[in-house]
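Read the structure below first, then the notes.
The values are calculated or read from the model by the stated rules, or taken from the named source; none is laboratory data. Because the structure is a prediction, the values reported are computed rather than measured. Ideal geometry is used to build each Cβ from the backbone, glycine not excepted, and the neighbour counts take in all protein chains shown.
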Amino acid sequence: MGSKFRLKRLFIMEQLAFLRRSRKHWGSHLNFAREFIGSALQNANPARSVLILGAGWGLEIPWRSAPIGTFGWDADPLSRFGTYMRHRRWAHWMFSDFTDAFAELDKLAHRLQIMEGRWALRPAPAAARRMAGLLPSFTPSPKALEAWIREYSPGTIICANVLGQIKPMAYRMVELAFKPRTPWVADQDIADPLQNALDEWTAKVVRSLLNVLRQSGSDIYMLHDRGVVHQDADLALGEWTDPWPEQLRASESALDISDPLPGIDILQELDSLSCKNKNRWIWPVGAEQIHIVEALEYRS
């Protein structure tokens, strides 16, 4: 099975799993997200192209507000059809992975399963250590996205809740390559070199995308998961501050928190641009999974 087929199948599976989730507590998130993206579409210059990265099936995107020259970009090969079914809008579309990073990760993860010259299965711990050692040499570069921006010169680019999905997609991809074995260190008290390497790889991918957006000359609208709390808790948001977990107010003394953008603060990464508006909200995705969402608006 080739890498391209595996990636298409994985993106479809992940999108369908997302859409099948109970949206019982999603009302406020969807309202905030649609209002934010809707304002981006309404403010867009109709004489220039608009690009929506991570357009998906349009759950968070009010396509009725989108100008005619709006492009969706999503690696899920069913995304354009899903958008049509939801919004009756057969939009312009790009189907490739706009990070240009996952194909190489997939190839590496599968190649390391076999011992060179022996056609024997490499032990999972050895394959994981080898992958952790090779990943730092990978330098992601979103060349297709750069080329598209040069050709179409979009006036507005919307990053639609996709940056926070890069890390879990990378983990899922590696797990599938090792299946039915596991690539992770079983003892949670011991550092896992592969997890650390994947976090560093994710940070490189996110920074490469932010660099392209920073140089695009477009209005940039960033919607993304800032953090995830892995427990049920009564949460509130305090003042904007750094480090970001100090923004959280909770009755619990200690929170189980993960960072989907490992080590990256997008406000700091894009500090050379002028942030016109910023907003945050709490999104209860499911049991013991609460997302902190940021929405940032940059005008060129």
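Suppose we keep only residues that are among the basic types (K, R) and in contact (Cβ under 8 Å) with a residue 24 or more places away in the chain within segment 41-89. Which one would you say is nearest to I149 (Cα to Cα)? Please lay out each step first, then the result.
Just the residues of segment 41-89 that are among the basic types (K, R), to begin with: 48, 64, 80, 86, 88-89.
If we keep only those that are in contact (Cβ under 8 Å) with a residue 24 or more places away in the chain as well, we get 48, 64, 86, 89.
Numbers: R48: 12, R64: 23, R86: 27, R89: 23 Å.
So, considering only residues that are among the basic types (K, R) and in contact (Cβ under 8 Å) with a residue 24 or more places away in the chain, the one nearest to I149 (Cα to Cα) is R48.
Give the residues of segment 162-178 that are of a type outside the set (S, T, N, Q) and more than 11 Å from L194 (Cβ to Cβ), sorted by residue number. Quick ask: steps written out before the conclusion?
Filtering segment 162-178 down to residues of a type outside the set (S, T, N, Q) leaves 162-164, 166-178.
V162, L163, G164, I166, K167, P168, M169, R172, M173, L176, A177, listed by residue number.
Going by the structure shown, is D100 surrounded by 17 or more Cβ atoms within 10 Å (Cβ to Cβ) and either closer than 24 Å to L296 by Cβ or among the small types (G, A, S) (or both)?
Values: surrounded by 17 or more Cβ atoms within 10 Å (Cβ to Cβ): yes; either closer than 24 Å to L296 by Cβ or among the small types (G, A, S) (or both): yes.
Yes: the conditions hold for D100.
Keeping to segment 1-40, report how many residues are in a loop (DSSP other than H, G, I, E, B) and either in contact (Cβ under 8 Å) with a residue 40 or more places away in the chain or touching a Lys or Arg at 6+ places or on another chain (Cβ under 7 Å) (or both). Break it down into steps so the answer makes sense when it comes.
The initial filter retains those residues of segment 1-40 that are in a loop (DSSP other than H, G, I, E, B), namely 1-2, 21-26.
Of the ones still in play, those that are also either in contact (Cβ under 8 Å) with a residue 40 or more places away in the chain or touching a Lys or Arg at 6+ places or on another chain (Cβ under 7 Å) (or both) are 21-22, 25-26.
Qualifying residue count, segment 1-40: 4.
Only residues that are in contact (Cβ under 8 Å) with a residue 12 or more places away in the chain, closer than 19 Å to A203 by Cβ and part of a loop (DSSP other than H, G, I, E, B): list them for segment 266-300, please.
Within segment 266-300, L270, S272 qualify.
Among the residues of segment 1-30, how many are closer than 21 Å to I290 by Cβ and either surrounded by 14 or more Cβ atoms within 10 Å (Cβ to Cβ) or under 20 Å from the mean Cα position of the chain (by Cα) (or both)? Give the steps one after another, and end with the answer.
So the first thing to find is which residues in segment 1-30 are closer than 21 Å to I290 by Cβ, and the list is 14, 17-30.
Those still in the list that are either surrounded by 14 or more Cβ atoms within 10 Å (Cβ to Cβ) or under 20 Å from the mean Cα position of the chain (by Cα) (or both) too: 14, 17-21, 23, 26, 29-30.
Total meeting the criteria: 10.
Restricting attention to segment 213-265, and to residues there that are outside any loop (DSSP other than H, G, I, E, B) and more than 22 Å from P284 (Cα to Cα), which single residue is farthest from the chain's Cα centre (by Cα)?
Within segment 213-265, the first condition is being outside any loop (DSSP other than H, G, I, E, B), and the residues that meet it are 213-214, 219-229, 235-237, 244-250, 257-258.
So of that shortlist, the ones also more than 22 Å from P284 (Cα to Cα) come out as 213-214, 219-221.
Numbers: L213: 15, R214: 17, D219: 19, I220: 16, Y221: 14 Å.
Step by step, filter segment 213-265, then rank; the result is D219.
Results for (1) aromatic (F, W, Y); (2) at pLDDT 95 or above; (3) surrounded by fewer than 22 Cβ atoms within 10 Å (Cβ to Cβ), shown as yes or no for each residue.
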position: A33; (1), (2), (3): no, yes, no
position: S39; (1), (2), (3): no, yes, yes
position: L51; (1), (2), (3): no, yes, no
position: A55; (1), (2), (3): no, yes, no
position: A66; (1), (2), (3): no, yes, no
position: G69; (1), (2), (3): no, no, yes
position: T83; (1), (2), (3): no, yes, no
position: W90; (1), (2), (3): yes, yes, yes
position: E116; (1), (2), (3): no, no, yes
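Collect the residues in segment 51-102 that are within 15 Å of the chain's Cα centre (by Cα) and assigned to a helix (DSSP H, G or I), keeping them in residue-number order.
F102 - this is the single residue of segment 51-102 that is within 15 Å of the chain's Cα centre (by Cα) and assigned to a helix (DSSP H, G or I).
Just to be sure before I move on: is E200 surrounded by fewer than 17 Cβ atoms within 10 Å (Cβ to Cβ), touching a Pro at 6+ places or on another chain (Cβ under 7 Å) and either more than 29 Å from A128 (Cβ to Cβ) or not polar (S, T, N, Q) (or both) in the structure I sent?
Details: surrounded by fewer than 17 Cβ atoms within 10 Å (Cβ to Cβ): yes; touching a Pro at 6+ places or on another chain (Cβ under 7 Å): yes; either more than 29 Å from A128 (Cβ to Cβ) or not polar (S, T, N, Q) (or both): yes.
So E200 fits the description; yes.
Which of the residues belonging to segment 178-199 are at pLDDT 95 or above and either among the small types (G, A, S) or under 20 Å from the mean Cα position of the chain (by Cα) (or both)?
Within segment 178-199, L194, Q195, N196, A197, L198, D199 qualify.
Which of the residues spanning segment 188-204 are free of Cβ contacts under 8 Å to residues at least 40 places away in the same chain and of a type in the set (V, I, T)?
Scanning segment 188-204 gives a single hit, I190.
Would you be able to tell me the number of residues in segment 256-300 that are within 21 Å of A170 (Cβ to Cβ) and polar (S, T, N, Q)?
Result for segment 256-300: 2.
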